[in-house]
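Visitor: Okay, here's the structure, questions in a sec.
Bear in mind these aren't lab numbers, they're just calculated from the coordinates by the rules spelled out. Worth saying up front: this structure is predicted, and the values here are computed from it rather than measured. When we count neighbours, we look across all protein chains shown, and the Cβ atoms used for this are built from the backbone with ideal geometry, even at glycine.
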Amino acid sequence: MTRLGGAVRSFTLYALALVAVATLAVTLAPRAAGSAARVARLESLVRCPSCADLSVAQSDATSAIAVRHEIAADVARGLSDTEILTSLEAAYGTSILLSPPTSGLGALLWIGPLLVGLAVVAGAIRVARRR
Amino acid sequence: MRRSVALSSIAVLVVVAALTLFLATRHPVTGATEAPSPLLGRLAPALAGRELSGGRFDLAAERGHVVVVNFWASWCGPCRVEAPDLSSAAWQMRRRGVVVVGVVFNDTVAAARAFARYYGSLYPSVVDPGGVIANRYGVTSPPTTFVITPSGRVAATLLGPVSTAQLEAVVAKVAS
Amino acid sequence: MTLTWLGRAFVYLGALGALGGVVDLSRALVTRRPAHARWFVVAALVGVVGAVAVMEYALITHDFALAYVAENNATFTPLLYSITGLWSALEGSLLLWVLIQFAVLGGVVYYYRRQRDDDVVRWATLVLFSVGAFFALVLAGPADPFLPNPAVVHQGAGPNALLQDNPLVAVHPPLLYLGFVGFSVPFAFAIAMLATGRVHERWPLEQRRWTVIAWGSLSLGIVLGAWWSYQVLGWGGFWGWDPVENAALLPWLTATAYIHSVIVQDRRGLFRVWNLSLAVATFALTILGTFFTRSGVLVSVHAFSSSTLGPILITFFFAVVLLGGGLLAWRGDRLRAPVGVDHPLSREGLFVANNVLFVGFALVVLLGTVFPLLYQAVNGAAVTVGSPYFVTVAAPLGVVLLALMALAPLVGWRHADARVLWSRIRVSAWVALGSVLALVLFRVRRPTELVAVFLAVNAAGAAVRTLRGSLVSALRRHEARGWWRAPSTAGMVVHLGVVVLALGIVTSSTFVQRDEVTLATGQSTLVDGQLVSFRGFRHVNSALESATSLRVAVDGHALYPAVTTFHGTNGQTVGTPAIDSNLLRDVYVTFDAVGGTGSASGAQVSSGLPAGSVVLGVTVEPLLAWLWVGGLVIALGSALTLARRRVGEAP
């Protein structure tokens, strides 16, 4: 009994330490802020026009650099994220964004993984009940 | 006896059959296709710059003419395919007042000049340092061709290599 | 003309050999008389080896009488890239595929030569002959590599610039194909087991060994492909979630699920039917991937140019699924295991979770890959499904998989006691927490990195504990030298490789620093703590290429990022990055532009800069080299499976 009690106690101690370290890590986590972070985020969402599947942040193709300049200029002019992405869509079409629109058919893309997640949970419950 | 394996196998087979049918009816992209560009019907973005041969080109000065704008690069395979056709189209349509202009896309001046010389281009090509013009036109991959009306609006966008006949048909439709 | 006819004759011989094998084995199965599989294998192998020899001869001697050689070779192409020219375009790469397919067929026939009259082996051989015959017929008809060249060619076009830029092109495609083709073996045996109804025998475990070898080749092939694109493509990344990359990932995911769940069949007799469906799915996804790569319907940097093969390949894909799915629907329910999983917190319960995750992820990747086509068909507009989508889905999945790797090896079969489990995890859990605390104190505070380190240390701890367990028990039996033959060793070594790989991926992508710097000759600058200096230009001119490279120093190491123009009509200008790599960080330098008004260097000219100065792209990625180390460890672990002792087998 003492050994089992020891296991519980050592696990409780560990759980407390885990919570402490997690709290410390969360409070000290860097906060990305400012227009540089915004530009970086936008650049990672926009496809490099002349590459197949790189973002403009990743590519050094001329077309990617041109788009990066435009994004930086638009952020400096005070446009919102949506306005900037919409203006790019107006020139290039929807395919300039690395993710399709979430409305309409695009929702299917995100519902798929959710269904898989639900299937996992449902399967686990079924197995747990069967015993 | 439980039938779950049979039922799920049949369900999977139905889904896969639908997927197969869908994929089997997709066609690979060959030749130029008219694409629904967001620019259609709108005023063509500004296009001005130095030509490979040294002169200056300005789209604004070409009002009153149908203008064919072709984005190309020396490294692009389909551009090699369409280069002779573009030249012959430019030559045949010049008497009808149609202007053909190339824009060099994401390429070095030296390579572009060699390309134009090799294919004996019969139309001027504008260099586009920094890809500013391509960005305004939303060009993603060469060759991309825009047809612009005499009033300066984008009337058609063609993705992929164009043929002389196809270009003449589109221009005739725009001019009428 | 001689080469054309000779090559075609060999291809026909190969196709006839495979077709003959199909006829012979069908006859043997119907009449219950012995088959003569090996003679047909010999004919098929002679045919395909002869065809490859003809093609290689033409490539090495630059014989432009063949259209394929004229398009993919030039008089000045070096020997290595002449040889690899076999797989630089569609027809030749299919020839390589058929070569490997017949070699695998020959391996199976040889390996099971003593059981050749067993019905399972006959059925499996029949399936393998059919698959081989299909690809050989494709080669004999719609994808003829030996088309004569009508025009007179003096120099040839040469391979695509990116295919003659790095020697990895010699190993990456063959390894991938070995993986893909290898999956036809478990598929063939799955069909055989379904056709004979003998799923409860030792066959599935035999198949695991074949599958692990194929899986190991595919894994190494994928990692080397990532390494290759990292060294060649110039954006400092290694994986773009491109349709063709996804096509290789799909069968890899289901094969990974299969390798795990067969263990449960081994130990507990469960999942019989499920394992068969995984084997069928893996091979079907291989064919689907071939369709994606060779039909031209998806836009990809790797895709071969569009061809007429699309309808043929998709039909074959459906035939594979119909055969497997039909047999499963017909007999699946009768072949099921009579019992199920007892308790979710047990080894088999966690294997279920592993399987659901891998298969689920495969479905998601498939959805993301096909989605642009679907959207185009419904809405008529083009969309991109790129890395933001796949990363969003893959990240939580990776977290759960690492957690499973930390738990599953320590959990007992049937039912686990939480207290026993904790006593086994405790040490690595504390070490993991300590590592995280140390990182936080040393100012590494990105949550993704901390979570990854925490899970990775736990997963590595579980693997090390298991390895130590088998070493201790081997010592007790005075068998220390054979300890690595223990059933769990290969798997745990692979797990360690995955841990190293995962740390490399997470750290390099979390802390990547990308900068563009403009330097004049002799100038230096600091990028993310790395001293980068530009020392001057260097021009290289050879028969193959003309290049302008820059003399750059990173921390005192000389690097030569270049812009290279390849000669020949396919001659393209490509940037060649230079990399200073060690186990701690990679510094990745590209030559992006040169100042001035124009030069013959081939580089982008930036007129805003003074002549003689250059723009360098500098990317610093910590722990990136861990990816390649992890990949090598995974391959080593897979190879160890050859020495693996079966459960219950005497040591």
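Visitor: Restricting to Cα pairs below 8 Å that are 6+ residues apart, what does the relative contact order work out to for region C:283-372? Please round to a whole percent. Don't skip to the end; give the middle numbers.
Guide: Numbers: 47 pairs, mean separation 15.7, N = 90.
It rounds to 17 percent for region C:283-372.
Visitor: Starting from the Kirkwood Rh over alpha-carbon pairs, what translational D in µm² s⁻¹ does chain A have by Stokes-Einstein at 4 °C and 1.567 mPa s?
Guide: Values: Rh = 19.3 Å.
Roughly 67 µm²/s, to the nearest whole number.
Visitor: Before anything else, pin down the relative contact order of chain B: Cα pairs under 8 Å, at least 6 apart, normalised by residue count, whole percent. Show your work: numbers first, answer last.
Guide: Values: 273 pairs, mean separation 56.1, N = 176.
32 percent.
Visitor: Let me ask you something else. So how far, in whole Å, is the C-alpha centre of region A:74-124 from the one of region B:85-158?
Guide: Each part reduced to its Cα centre gives a spacing of 33 Å.
Visitor: From the helices alone, meaning DSSP H stretches of at least four residues, give me the mean residue ellipticity at 222 nm for chain B, per-run term -39500 (n - 2.57), in deg cm²/dmol to the nearest 500. Working shown, then result.
Guide: On the way: 5 runs with 66 residues, N = 176.
Rounded to the nearest 500, it is -12000 deg cm²/dmol.
Visitor: If you don't mind, another one. Take chain C, mark every one of the GluC sites (Glu not before Pro) that falls in a DSSP loop and has at most 14 other Cβ within 10 Å, then report the longest stretch left between them, sites excluded.
Guide: On the way: sites that count: C:E201, C:E479, C:E649.
It runs C:202-478.
Visitor: Once every DSSP H run of n ≥ 4 in chain A is given -39500 (n - 2.57) and the sum is divided by its residues, what mean residue ellipticity at 222 nm do you get, rounded to the nearest 500 deg cm²/dmol? Can you show the working numbers first?
Guide: On the way: 5 runs with 91 residues, N = 131.
When only DSSP H runs of four or more count, the value is -23500 deg cm²/dmol.
Visitor: Which value, in Å to one decimal place, does the Kirkwood hydrodynamic radius take for region C:513-594 when every pair of different Cα atoms is included? Don't jump to the answer; show the numbers that get you there.
Guide: On the way: mean 1/r = 0.0741 Å⁻¹.
13.5 Å is the Kirkwood radius here.
Visitor: In addition: Express the C-alpha Rg of chain C as a ratio against the empirical globular expectation 2.2 N^0.38 Å, rounded to two decimals.
Guide: On the way: Rg = 26.7 Å, N = 651, 2.2 N^0.38 = 25.8 Å.
That ratio works out to 1.04.
Visitor: Along the charge dipole of the protein assembly as shown, pointing to its positive end and built from +1/-1 on Cβ of Lys, Arg, Asp and Glu, which listed residue (C:W203, C:V436, B:T33) has its Cα farthest out?
Guide: The one lying farthest along the dipole's positive direction is C:W203.
Visitor: Please name whichever of A:A36, C:S533, C:V121 sits farthest to the positive end of the charge dipole of the protein assembly as shown, dipole taken about the Cα centre and charges placed at Cβ: Lys and Arg +1, Asp and Glu -1.
Guide: Going by the charge dipole, the pick is C:V121.
Visitor: If the viscosity is 1.306 mPa s and the temperature 10 °C, what Stokes-Einstein diffusion coefficient in µm²/s follows for region B:17-69 when Rh is the Kirkwood radius over Cα pairs?
Guide: Details: Rh = 15.4 Å.
D, rounded to a whole number, is 103 µm²/s.
Visitor: Positive end of the dipole of region C:1-155, charges at C-beta (+1 Lys, Arg; -1 Asp, Glu), about the Cα centre: which of C:P145, C:A37, C:L16 has its Cα farthest in that direction?
Guide: It is C:A37.
Visitor: For C:S428, what charge total do you get from the other residues with a beta carbon under 12 Å from its beta carbon, if Lys and Arg give +1 and Asp and Glu give -1?
Guide: Details: positive: C:R424, C:R426, C:R465, C:R468; negative: none.
Net local charge, C:S428 excluded: +4.
Visitor: Rounded, prolate or oblate: which fits region B:32-164, taking a ≥ b ≥ c as square roots of the Cα gyration tensor eigenvalues, rounded meaning a/c under 1.5, else prolate when a/b beats b/c?
Guide: Details: a/c = 1.26, a/b = 1.22, b/c = 1.03.
In terms of gyration-tensor shape, rounded.
Visitor: Which value in deg cm²/dmol, rounded to the nearest 500, describes the helix-derived mean residue ellipticity at 222 nm for chain C, given -39,500 (n - 2.57) per DSSP H run of n ≥ 4 and division by the residue count?
Guide: On the way: 18 runs with 385 residues, N = 651.
-20500 deg cm²/dmol, from helical runs alone.
Visitor: How large is the Kirkwood hydrodynamic radius of region C:360-413, counting all unique pairs of alpha carbons, in Å? Can you show the working numbers first?
Guide: Numbers: mean 1/r = 0.0756 Å⁻¹.
About 13.2 Å, per the Kirkwood formula over Cα pairs.
Visitor: Further question: Counting other Cβ atoms within 10 Å, which chymotrypsin sites (Phe, Trp or Tyr not before Pro) in region C:1-102 have at most 13 and lie in a DSSP loop? Display every interim value, and only then the final one.
Guide: Details: sites: C:W5, C:F10, C:Y12, C:W39, C:F40, C:Y57, C:F64, C:Y68, C:F76, C:Y81, C:W87, C:W97, C:F102; in loops: C:F64, C:F76.
When the chymotrypsin sites (Phe, Trp or Tyr not before Pro) of region C:1-102 are filtered for loop state and at most 13 Cβ neighbours within 10 Å, nothing remains.
Visitor: Counting only C-alpha contacts under 8 Å and six or more residues apart, can you give the relative contact order of chain C as a whole percent?
Guide: Details: 1183 pairs, mean separation 73.9, N = 651.
About 11 percent, as a whole number.
Visitor: Just how large is the dipole of region B:38-176 about the Cα centre, in debye to the nearest 20, putting +1 at every Lys and Arg Cβ and -1 at every Asp and Glu Cβ? The partial results should precede the final answer.
Guide: Working: 13 positive and 8 negative charges, 54 e Å.
Dipole size: approximately 260 debye.
Visitor: For the protein assembly as shown, what number results from the quotient of the Cα radius of gyration and 2.2 N^0.38 Å? Present the calculation step by step, with values, prior to reporting the outcome.
Guide: Working: Rg = 29.8 Å, N = 958, 2.2 N^0.38 = 29.9 Å.
Ratio of Rg to 2.2 N^0.38 Å for the protein assembly as shown: 1.00.
Visitor: Can you give the convex hull volume per residue for the Cα atoms of region C:124-247, as a whole number of Å³?
Guide: Looking at region C:124-247, the number lands at 149 Å³ per residue.
Visitor: Counting only DSSP beta bridges with both residues in the protein assembly as shown, what percent are antiparallel, rounded to the nearest 5? Don't jump to the answer; show the numbers that get you there.
Guide: Values: 65 of 75 bridges.
Roughly 85 percent of the DSSP beta bridges within the protein assembly as shown come out antiparallel.
Visitor: Given a Förster radius of 35 Å and the C-beta distance between C:W330 and C:R38 as r, what FRET efficiency does 1/(1 + (r/R0)^6) yield to the nearest 0.05? Intermediate values should be presented prior to the final figure.
Guide: Details: r = 31 Å, r/R0 = 0.89.
Efficiency, rounded to the nearest 0.05: 0.65.
Visitor: For the protein assembly as shown, with only Lys/Arg (+1) and Asp/Glu (-1) charged at the beta-carbon, what is the dipole magnitude about the Cα centre, in debye rounded to 20? Display every interim value, and only then the final one.
Guide: Numbers: 70 positive and 48 negative charges, 795 e Å.
Once rounded to the nearest 20, the dipole reads 3820 debye.
Visitor: Right, here's the next one. Quote the charge dipole size of region A:25-131 about the Cα centre in Debye, to the nearest 20; the model charges only the Cβ of Lys and Arg (+1) and of Asp and Glu (-1). Display every interim value, and only then the final one.
Guide: Details: 10 positive and 8 negative charges, 192 e Å.
Around 920 debye, computed over region A:25-131.
Visitor: Also, I was wondering about something else. Measure nothing fancy, just the Cα-based angle from helix B:77-93's long axis to the longest principal axis of chain B, in degrees from 0 to 90, nearest 10.
Guide: 50
Visitor: Continuing with this model, one more query. Any idea what angle helix B:109-118 forms with the longest principal axis of chain B, computed on alpha-carbon atoms, 0 to 90 degrees, nearest 10?
Guide: Roughly 90 degrees, rounded to the nearest 10.
Visitor: Let me ask something additional. Calculate the spin-label point distance for C:D119 paired with A:T86, positioning each point 7 Å from the Cα along the beta-carbon direction, and give it in nanometres.
Guide: For the pair A:T86/C:D119, the computed spacing is 6.9 nm.
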